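To start, the structure itself, in structure tokens.
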Amino acid sequence: MEISFGFTAVVIIIIVLYLISSIKILAEYERGVIFRLGRLLTSAKGPGVALVFSPIDRMVRVSLRQEALEVPPQDIITRDNVTLKVNAVIFLRVIDPNKAVVEVSNYVYQTSQFAQTTLRSVLGEQELDELLAHREKINLRLQSILDQHTSPWGVKVTNVEVKQVDMPESMLRAMAKQAEAEREKRSKIIHAEGEFSAAQRLVDAAHLLATEPVSVQLRYLQTLTEIGVEKNTTVIFPVPVDFFSGLQKMLGKGGDEPATAAKPA
């Protein structure tokens, strides 16, 4: 009787321990993909408590949190034959845990490998100027291609960013010379436009002064006033030729009047 009672107690203890070991706790960001006798259950378990009766059941934990995957630097030759080293970062998350476990053996590794090949092929179709100026457009194209291929795995690529572009020193020097030439070109154009505007204003001023000859004399007197501020300068005041002609006319009239007055006598 005692033996049967002890055996029963042992069996109960084993069953209790088995039930306790069958209890699995899943966090809010986790899902449990359960295989029962090798067959996949229709829905993943979690979050909370999930019962896994091993060895009949086997559970695979899948995280639903977003993950950042860094793509190693890739050697790329652009369409205009420039050699670059480019790396990127990919942000992805699991949407369907069942597909992420069944459809692919390791979705992180395979996404990384596919991202490397896609990065080389897409950037190889671009020129260097397009790669540097339209990076956002390239990021969207990379994200679209990767998401299209990872969606059958239940994985969503939320974003792709080209992280760093390393160029050879010779290309950096050539780009610096090009930028310097562009700045010099703009400065010459701006200087030429300034000269043209100044010449145009001088032409307008000349036309305006030509309408009133006295204004030239007024402008000249104003210039003399400005020069006269300095006491160590010598001012030469030219007399207009018109002044002498007017004076000669006045003198000529004065000499003719006595002669005409004496003639009747």
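Things worth noting here:
- Qualifying GluC sites (Glu not before Pro) for the range 1-62 [loop in DSSP, other Cβ within 10 Å: at most 10]: GLU28
- Counting charges near VAL60 (Lys, Arg +1; Asp, Glu -1) among other residues having Cβ under 14 Å from its Cβ returns a value of +4.
- Approximating the spin labels as points 7 Å out from Cα along Cα→Cβ, the LYS85-to-VAL49 distance works out to 5.5 nm.
- Counted charge near LEU128, where neighbours are those whose Cβ lies closer than 9 Å (Asp, Glu -1; Lys, Arg +1): -3
- Spin-label model, SER63/LYS188: points 7 Å from Cα along the beta carbon direction are separated by 5.9 nm.
- Selection of chymotrypsin sites (Phe, Trp or Tyr not before Pro), the range 1-73, meeting DSSP coil and at most 16 other Cβ within 10 Å: TYR29, PHE53
- Residue list for the range 23-47, given a label point 7 angstrom along the Cα-to-Cβ vector of GLU103 and an amide N cut-off under 20 Å: 30-35, 39-45
- A cut-off under 15 angstrom between Cβ atoms defines the neighbours of PRO97, and their net charge, with Lys, Arg +1 and Asp, Glu -1, is +4.
- Taking 7 Å steps out from each Cα toward its Cβ at MET175 and ALA206 produces label points 4.9 nm apart.
- Whole-number percent relative contact order across the range 69-155, with pairs defined as alpha carbons under 8 Å at least 6 apart: 38 percent
None of the figures in this text is laboratory data; all of them are computed from the coordinates on show. Predicted, not measured: the structure shown is a model, and the values here were computed from it. Because the Cβ atoms are built from the backbone with ideal geometry, glycine has one as well, and the counts that use them run over all protein chains shown.
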